[in-house]
1. Considering every residue within segment 208-215, establish whether at least one is of a type outside the set (V, I, T), open to solvent by less than 80 Å² (accessible area, probe 1.4 Å) and at pLDDT below 70.
2. Looking at D82, is it more than 18 Å from P24 (Cβ to Cβ) and among the acidic types (D, E)?
3. Among the residues of segment 79-88, is any closer than 30 Å to E139 by Cβ, open to solvent by less than 50 Å² (accessible area, probe 1.4 Å) and assigned to a helix (DSSP H, G or I)?
4. Sort out which residues of segment 95-111 are at pLDDT 95 or above and either open to solvent by 80 Å² or more (accessible area, probe 1.4 Å) or under 23 Å from I71 (Cα atoms) (or both), and write them in order of number.
5. Would you call I71 farther than 27 Å from G43 by Cα and among the aliphatic types (A, V, I, L, M)?
6. Looking at V39 and the list (1) free of Cβ contacts under 8 Å to residues at least 60 places away in the same chain; (2) farther than 21 Å from I149 by Cβ; (3) of a type outside the set (S, T, N, Q), which single condition is not satisfied?
7. Any chance you could count how many residues in segment 90-104 are under 15 Å from K56 (Cβ atoms), in contact (Cβ under 8 Å) with a residue 12 or more places away in the chain and either outside any strand (DSSP E or B) or of a type in the set (K, R) (or both)?
8. Identify, please: which residue in segment 42-66 is outside any strand (DSSP E or B) and touching a residue at least 12 places away in the same chain (Cβ under 8 Å) and is, among those, surrounded by the fewest Cβ atoms within 10 Å (Cβ to Cβ)?
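The values are calculated or read from the model by the stated rules, or taken from the named source; none is laboratory data. Source: prediction; values computed, not measured. Cβ placement follows ideal geometry from the backbone for every residue including glycine, while neighbour counts extend to all protein chains displayed. Keep in mind that these areas ignore ligands, DNA and RNA; they rest on the heavy atoms of the full protein, side chains included. Shrake-Rupley method; radii C 1.70, N 1.55, O 1.52, S 1.80 Å.
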Amino acid sequence: SYIETFFIKEEVIGLVGRYNLENPPDEITKKISNGLIMVNDKGKIIPVLADSWQEKNNGLLYRFYLKDNLIWSDGKPFTAFDIKYQFSDVKVKPINKKTVDFILKKPLGVFLIYLDRPIIKYPLKGVVGYYRVGKIKQEGGYLKEILLIPNLKHLRPIRYKFYFNDSQLIIAYKKGEIRSMTLIKKSLVESFSNWRNTLITKKVDYSKLLTIFFNFNNNYFEEKNIRQNLSLI
């Protein structure tokens, strides 16, 4: 659940986790950069950094053409040679500055949706994002605080502060160090239900997936009831 205090000029958000410049949280990368495409709420694929694409060789090759005049947040030109997606079974092959091929070992019908991941250049440079990174504070190699500066006038600056666990996060909220936070445990969320200056919003985290694999070589999993019960956990 997302918890926020009203009436603020600068958003100050608390996050739990140990992140560094090479492994920033998705919540930040999605604000400062874009992928080649995006998937909207209806599941439709929309070009973002890409202008168009072609599927070739029976789904084993996807050729993408970039939009004109794309730049990084530091003002340098963005080209196909900057695309560094890491896929285990897909080769990324730039053809020229505006064209890149993705070569698959076997067809994958949903391959395009993986290209919605924001493209980031160290240290936290993005392409055509709503925000750009301002100040960065680190402690012991981990991110301590990041200030995001809006690229559009109607947006407010966002300051992210990082904590190691939920307890530190909640204390920071109660002390007023942060104005909003995300909590997973229902019991922790309910403790703020009577706070008049706090709004609690429930959201579904689509970035995480829990998958259960059954080993049918094990006689235990031959029982249908056992498999059904495990799926309900």
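1. Taking segment 208-215 first, the residues of a type outside the set (V, I, T) are 208-210, 213-215.
Retained after the next criterion (residues that are open to solvent by less than 80 Å² (accessible area, probe 1.4 Å)): 214.
From what's left, at pLDDT below 70: 214.
Looking for residues that are of a type outside the set (V, I, T), open to solvent by less than 80 Å² (accessible area, probe 1.4 Å) and at pLDDT below 70, one finds at least one in segment 208-215, hence yes.
2. Values: more than 18 Å from P24 (Cβ to Cβ): no; among the acidic types (D, E): yes.
No.
3. yes
4. Quick first cut of segment 95-111, residues at pLDDT 95 or above only: 95-104.
I95, N96, K97, K98, T99, V100, D101, F102 - these are the residues of segment 95-111 that are at pLDDT 95 or above and either open to solvent by 80 Å² or more (accessible area, probe 1.4 Å) or under 23 Å from I71 (Cα atoms) (or both).
5. yes
6. Result: V39 passes all but (1).
7. 1
8. Of the residues in segment 42-66, the ones outside any strand (DSSP E or B) are 42-44, 48-49, 57-60.
Now narrow it down to the ones that are touching a residue at least 12 places away in the same chain (Cβ under 8 Å): 48-49, 58-60.
On the way: V48: 19, L49: 21, N58: 7, G59: 13, L60: 14.
My answer is N58.
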